[in-house]
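Asks: If you scroll down you'll find the structure; I have some questions about it.
The values are calculated or read from the model by the stated rules, or taken from the named source; none is laboratory data. Small disclaimer: the values here were computed from a predicted structure and weren't measured. Note that each Cβ is placed from the backbone with ideal geometry, even for glycine, and that neighbours are counted across all protein chains shown.
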Amino acid sequence: MKIFFLIILIFTISLSPSSLFASQVELKSCIQIAHCVREEWDVKNIEKPFDEIKTIIENTPRTEIVDFNGDYLHAEATSKWMKYVDDIEISYSPGLKILLIRSESRVGVSDLGVNQKRVDLIKSQMF
(Lines give C-alpha, C1' and ligand atoms only; values in the text may rest on other atoms or scores of the structure.)
Protein backbone atom coordinates (compact mmCIF):
# COMPACT_ATOMS: atom_id res chain seq x y z
CA MET A 1 0.00 0.00 0.00
CA LYS A 2 2.87 2.39 0.81
CA ILE A 3 4.40 1.74 -2.59
CA PHE A 4 1.11 2.61 -4.28
CA PHE A 5 0.97 5.99 -2.51
CA LEU A 6 4.62 6.64 -3.31
CA ILE A 7 3.99 5.95 -7.00
CA ILE A 8 0.95 8.27 -6.97
CA LEU A 9 3.00 10.99 -5.27
CA ILE A 10 5.86 10.70 -7.79
CA PHE A 11 3.40 10.71 -10.71
CA THR A 12 1.61 13.80 -9.34
CA ILE A 13 4.86 15.68 -8.79
CA SER A 14 6.06 14.85 -12.29
CA LEU A 15 2.86 16.20 -13.86
CA SER A 16 2.44 19.34 -11.82
CA PRO A 17 5.20 21.95 -11.47
CA SER A 18 5.76 23.51 -8.10
CA SER A 19 7.59 26.46 -6.69
CA LEU A 20 10.12 23.90 -5.48
CA PHE A 21 11.34 23.68 -9.09
CA ALA A 22 11.57 27.43 -9.66
CA SER A 23 13.79 30.08 -8.26
CA GLN A 24 13.52 33.79 -8.90
CA VAL A 25 14.78 33.45 -12.45
CA GLU A 26 15.13 29.80 -13.39
CA LEU A 27 12.31 27.62 -14.67
CA LYS A 28 12.81 24.13 -16.03
CA SER A 29 13.92 23.98 -19.64
CA CYS A 30 11.55 22.62 -22.27
CA ILE A 31 12.32 18.98 -22.93
CA GLN A 32 9.81 18.46 -25.75
CA ILE A 33 9.80 21.62 -27.88
CA ALA A 34 6.73 20.35 -29.76
CA HIS A 35 4.52 21.02 -26.72
CA CYS A 36 6.44 23.54 -24.62
CA VAL A 37 7.42 27.20 -24.83
CA ARG A 38 9.84 29.03 -22.55
CA GLU A 39 10.63 32.72 -22.99
CA GLU A 40 12.43 35.48 -21.09
CA TRP A 41 10.99 38.99 -21.21
CA ASP A 42 12.74 42.22 -20.33
CA VAL A 43 10.20 44.28 -18.35
CA LYS A 44 12.31 47.29 -17.34
CA ASN A 45 9.71 49.70 -18.74
CA ILE A 46 6.79 48.23 -16.77
CA GLU A 47 6.26 49.49 -13.22
CA LYS A 48 4.73 46.33 -11.65
CA PRO A 49 5.12 43.56 -14.23
CA PHE A 50 4.42 40.62 -11.93
CA ASP A 51 1.17 42.18 -10.68
CA GLU A 52 0.20 42.90 -14.27
CA ILE A 53 0.86 39.38 -15.54
CA LYS A 54 -0.94 37.89 -12.52
CA THR A 55 -4.02 39.96 -13.42
CA ILE A 56 -3.83 38.80 -17.04
CA ILE A 57 -3.67 35.15 -15.93
CA GLU A 58 -6.56 35.63 -13.48
CA ASN A 59 -8.71 37.02 -16.31
CA THR A 60 -7.85 34.31 -18.84
CA PRO A 61 -10.77 31.92 -19.47
CA ARG A 62 -10.40 28.35 -18.18
CA THR A 63 -7.16 29.27 -16.38
CA GLU A 64 -6.71 28.91 -12.64
CA ILE A 65 -3.78 29.97 -10.47
CA VAL A 66 -2.82 27.00 -8.32
CA ASP A 67 0.36 28.36 -6.72
CA PHE A 68 1.43 31.92 -6.08
CA ASN A 69 4.52 32.55 -4.01
CA GLY A 70 5.83 36.11 -4.22
CA ASP A 71 7.93 35.87 -7.38
CA TYR A 72 6.54 32.59 -8.75
CA LEU A 73 3.16 31.76 -10.25
CA HIS A 74 1.86 28.42 -11.47
CA ALA A 75 -1.46 28.24 -13.30
CA GLU A 76 -3.36 25.49 -15.06
CA ALA A 77 -5.14 26.14 -18.36
CA THR A 78 -7.84 23.66 -19.40
CA SER A 79 -8.69 23.27 -23.08
CA LYS A 80 -12.28 23.98 -24.02
CA TRP A 81 -13.16 20.78 -25.86
CA MET A 82 -10.85 17.98 -24.80
CA LYS A 83 -10.24 19.24 -21.24
CA TYR A 84 -6.47 18.80 -21.53
CA VAL A 85 -4.54 20.65 -18.83
CA ASP A 86 -1.48 22.75 -19.64
CA ASP A 87 0.85 24.26 -17.05
CA ILE A 88 1.86 27.91 -17.11
CA GLU A 89 4.77 28.96 -14.93
CA ILE A 90 5.98 32.51 -14.45
CA SER A 91 8.98 33.59 -12.44
CA TYR A 92 9.98 37.18 -11.76
CA SER A 93 13.36 38.59 -10.85
CA PRO A 94 12.76 42.10 -9.48
CA GLY A 95 16.47 42.96 -9.41
CA LEU A 96 16.98 42.12 -13.08
CA LYS A 97 13.44 43.16 -14.15
CA ILE A 98 13.02 39.89 -16.05
CA LEU A 99 9.94 37.70 -16.38
CA LEU A 100 10.39 34.06 -17.33
CA ILE A 101 7.32 32.36 -18.72
CA ARG A 102 6.88 28.70 -19.53
CA SER A 103 3.80 26.98 -20.93
CA GLU A 104 3.73 23.22 -21.42
CA SER A 105 1.19 20.54 -22.25
CA ARG A 106 1.04 17.67 -19.79
CA VAL A 107 0.18 15.03 -22.38
CA GLY A 108 0.69 14.44 -26.07
CA VAL A 109 3.44 14.69 -28.61
CA SER A 110 2.39 18.02 -30.09
CA ASP A 111 0.16 20.85 -28.92
CA LEU A 112 -0.58 22.19 -32.42
CA GLY A 113 0.93 25.53 -31.39
CA VAL A 114 -1.42 26.16 -28.45
CA ASN A 115 1.32 26.97 -25.94
CA GLN A 116 3.06 29.41 -28.28
CA LYS A 117 -0.27 31.11 -28.99
CA ARG A 118 -0.96 31.37 -25.25
CA VAL A 119 2.44 32.92 -24.55
CA ASP A 120 2.08 35.30 -27.51
CA LEU A 121 -1.37 36.40 -26.31
CA ILE A 122 -0.09 37.09 -22.79
CA LYS A 123 2.88 38.98 -24.24
CA SER A 124 0.61 41.11 -26.44
CA GLN A 125 -1.40 42.07 -23.35
CA MET A 126 1.76 42.91 -21.40
CA PHE A 127 3.49 45.09 -24.01
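Asks: Residues Asn45, Asn69: which one is at pLDDT 90 or above and surrounded by fewer than 10 Cβ atoms within 10 Å (Cβ to Cβ)?
Replies: Details: Asn69 fails: surrounded by fewer than 10 Cβ atoms within 10 Å (Cβ to Cβ).
Sole residue among the options that is at pLDDT 90 or above and surrounded by fewer than 10 Cβ atoms within 10 Å (Cβ to Cβ): Asn45.
Asks: Further question on the same structure: Within the range 107-127, is there a residue that is in contact with a Leu (Cβ under 6 Å, 6 or more places away or on another chain) and either of a type outside the set (Ser, Thr, Tyr) or surrounded by 13 or more Cβ atoms within 10 Å (Cβ to Cβ) (or both)? Even if it seems obvious, please write down each step before you answer.
Replies: Going through the range 107-127, the residues in contact with a Leu (Cβ under 6 Å, 6 or more places away or on another chain) turn out to be none.
The answer is no, given that none of the residues of the range 107-127 is in contact with a Leu (Cβ under 6 Å, 6 or more places away or on another chain) and either of a type outside the set (Ser, Thr, Tyr) or surrounded by 13 or more Cβ atoms within 10 Å (Cβ to Cβ) (or both).
Asks: Within the range 75-90, identify whether any single residue is surrounded by 19 or more Cβ atoms within 10 Å (Cβ to Cβ), within 17 Å of Glu26 (Cα to Cα), out of contact with any Pro (no Cβ under 8 Å at 6 or more places or on another chain) and of a type in the set (Val, Ile, Thr), and answer yes or no. Reasoning before the result, please.
Replies: Going residue by residue through the range 75-90, those that are surrounded by 19 or more Cβ atoms within 10 Å (Cβ to Cβ) are 75, 77, 86-90.
Subset that is within 17 Å of Glu26 (Cα to Cα): 75, 87-90.
With the extra rule that they be out of contact with any Pro (no Cβ under 8 Å at 6 or more places or on another chain), the set shrinks to 75, 88, 90.
Okay, now just the ones that are also of a type in the set (Val, Ile, Thr), so 88, 90.
Yes, the conditions are met somewhere in the range 75-90.
Asks: Could you please give the count of residues in the range 50-100 that are closer than 21 Å to Gln32 by Cβ and assigned to a loop (DSSP other than H, G, I, E, B)?
Replies: Initially, the range 50-100 is screened for residues closer than 21 Å to Gln32 by Cβ, giving 74-79, 82-91, 100.
From what is left, the residues that are assigned to a loop (DSSP other than H, G, I, E, B) are 79, 82-84.
Here the count works out to 4.
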